[in-house]
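One structure is given here, and the rest of the page talks about it.
The values are calculated or read from the model by the stated rules, or taken from the named source; none is laboratory data. Small disclaimer: the values here were computed from a predicted structure and weren't measured. Cβ sites come from the backbone with ideal geometry, for glycine too, and all protein chains shown count toward neighbours. Quick note on the areas: whole protein, heavy atoms, side chains included, nothing else; ligands and nucleic acids left out. Shrake-Rupley method; radii C 1.70, N 1.55, O 1.52, S 1.80 Å.
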Amino acid sequence: MMGDLKRGDRIVIATHNEGKASELAELFAPLGIETVSAGALGLKEPEETGESFAENAEVKAEAAAAASGMLAVADDSGLEVASLGGAPGIHSARWGGPNKDFRLAMERVNRELEASGATDRRANFTCALAFAQPAGKTLVFTGKVDGTLVWPPRGTRGFGYDPIFVPDGYTETFGEMDPALKNEMSHRMRAFEKLILSNLALR
């Protein structure tokens with residue numbers, strides 16, 4: 001256990017994706033933890049060389065912690081589609097091309113599903129959350145939420161693939177859903193809860 005995170009701390013959210021940075025900032029805020037994104041600090045994005053969400057989260061958290069000298073949290077997450085063999089998975093952002101355009105990424109998911117002739121549109125979001133010290137141990141926590149894909153996209157809230165993902169038990173996509181409700185059930189929240197329950201933070 002690191003046990004170094006406490007009220008009043010300021011930590012780096014190791015991302016240049018402001019949607020992710022905002023969601024994580026909202027999770028930490030009630031705990032008295034201030035956050036700043038790697039993008040806001042001008043930190044370089046490391047090459048994601050891992051073969052899993054967990055490995056990529058570690059790469060990003062450790063790079064941000066080393067560069068900033070601060071505690072760092074990194075999220076690596078993505079969409080896994082059953083009928084596409086788990087794709088796009090760790091390549092979720094890359095499916096949007098060099099500009100990470102998720103409108104293009106969503107179109108590709110739908111196009112490949114139609115081309116496959118699959119009727120199974122089950123999918124899940126997976127999140128790996130890595131917590132790193134500047135010179136110390138890194139721990140990783142994972143969370144998952146299951147659902148179904150719809151087309152065309154619905155809603156302008158959220159980010160990424162949210163407009164085509166309907167979580168199990170609901171009729172709205174993450175793109176239509178109130179952000180507070182999404183945060184209560186999201187893959188990111190489930191990973192975050194494990195981080196807190198691990199006694200890393202706020203004893």
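How much net charge surrounds LEU113 when only the other residues with a Cβ under 15 Å from the Cβ of LEU113 are counted, with Lys and Arg +1 and Asp and Glu -1?
Numbers: positive: ARG108, ARG111, ARG121, ARG122; negative: GLU80, GLU107, GLU112, GLU114, ASP120.
Net charge in that neighbourhood comes out at -1.
Among the protein heavy atoms, those of SER52 account for about 40 Å² of accessible surface (1.4 Å probe, every chain in place).
What order do TYR170, TYR161 take when sorted by accessible area (1.4 Å probe), most exposed first?
On the way: TYR170 100, TYR161 5 Å².
Ranked from most to least accessible, the order is TYR170, TYR161.
Summing charges over all other residues whose Cβ lies under 14 Å from the Cβ of ALA93, with Lys and Arg as +1 and Asp and Glu as -1, gives -3. Per-residue ellipticity at 222 nm from helix content only, as computed over the chain with -39500 (n - 2.57) for each DSSP H run of at least four residues, stands at -9500 deg cm²/dmol. Note on ARG154: accessible area is roughly 80 Å² with a 1.4 Å probe, heavy atoms of protein only. Measure out, as a whole number of angstrom, how far apart the alpha-carbon centroids of the stretch 28-69 and the stretch 110-126 sit. Answer, in whole Å: 31.
The stretch 75-90 and the stretch 135-172 have Cα centres lying 11 Å from one another.
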